[in-house]
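The next block holds one structure in the form of structure tokens; read it before the comments.
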Amino acid sequence: MADRKTHRRAGRVAGGVYAAHRAKGQGVLPCAVETLGGVLGGDLGGIVADVLEPALTSWHRGPAHSCVAGAAVLSLGDPLMRFESYCREQAERNAKERVTLRAIPDLSREGSFVVVSADPLGQLWLAICEFFWRMLAGFANGVAAGYLSHLALDAGTFRSIPILTNGF
């Protein structure tokens, strides 16, 4: 039977691979950030079932460790993709704003403006926000993949996983 360490390890691998797959067309750096988010999300997703239903005995498998729970996670495909798209849109918005130049009044000539870049702290904040949104897109994918990896590991044991709960 897989222990917590094994579930976390498998969750990190599953989350990272799935997040990388989902981010493959995003470019090298965005893909790397989403993959890192997927690894972190997979780490969490790999233990969520045991957090919801602690493994006090080998018969601890209820609804959170069931085929129905796996089907529910798989059915989140469209909402998960919409959330991923929203996160990427927010990241792109922050990236564009970070490179946008600003026009300020030129005090030496009346009615004219000088183009300057945004303040360094503002650019740093926008870069942090962009990083956050990309990580979040990968994290969400990683949690789902990590949860499914947990169920797959448990399904491969002698006790397997129930359809809904023990007895079903």
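The values are calculated or read from the model by the stated rules, or taken from the named source; none is laboratory data. Keep in mind the model is a prediction, meaning the values are calculated, not measured. All Cβ positions, glycine included, derive from the backbone under ideal geometry; neighbour counts span all protein chains shown.
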Residue that is nearest to residue 134 (Cα to Cα), among those in segment 82-105 that are aliphatic (A, V, I, L, M) and either touching a strand residue (DSSP E or B) at 6+ places or on another chain (Cβ under 7 Å) or touching a residue at least 40 places away in the same chain (Cβ under 8 Å) (or both): 91
Checking residue 82 against (1) under 30 Å from residue 158 (Cβ atoms); (2) assigned to a helix (DSSP H, G or I), the condition it does not meet: (1)
Are there helices (runs of 4 or more DSSP H) fully within segment 1-76 with at least 3 residues that are surrounded by fewer than 20 Cβ atoms within 10 Å (Cβ to Cβ) and out of contact with any helix residue (DSSP H, G or I) (no Cβ under 8 Å at 6 or more places or on another chain)? List them. 28-52, 67-75
Out of 58, 108, 117, 112, report the one residue that is touching a strand residue (DSSP E or B) at 6+ places or on another chain (Cβ under 7 Å), polar (S, T, N, Q) and at pLDDT below 95. 117
What number of residues within segment 22-59 satisfy the criterion of being closer than 20 Å to residue 70 by Cβ, more than 12 Å from the chain's Cα centre (by Cα) and not β-branched (Val, Ile, Thr)? 9
Within segment 142-164, is even one residue among the acidic types (Asp, Glu) and touching a strand residue (DSSP E or B) at 6+ places or on another chain (Cβ under 8 Å)? no
Flag if residue 61 is under 28 Å from residue 164 (Cα atoms) and basic (Lys, Arg): yes
Filtered residue count, segment 1-53, keeping only those that are farther than 14 Å from residue 145 by Cα and of a type in the set (Lys, Arg): 3
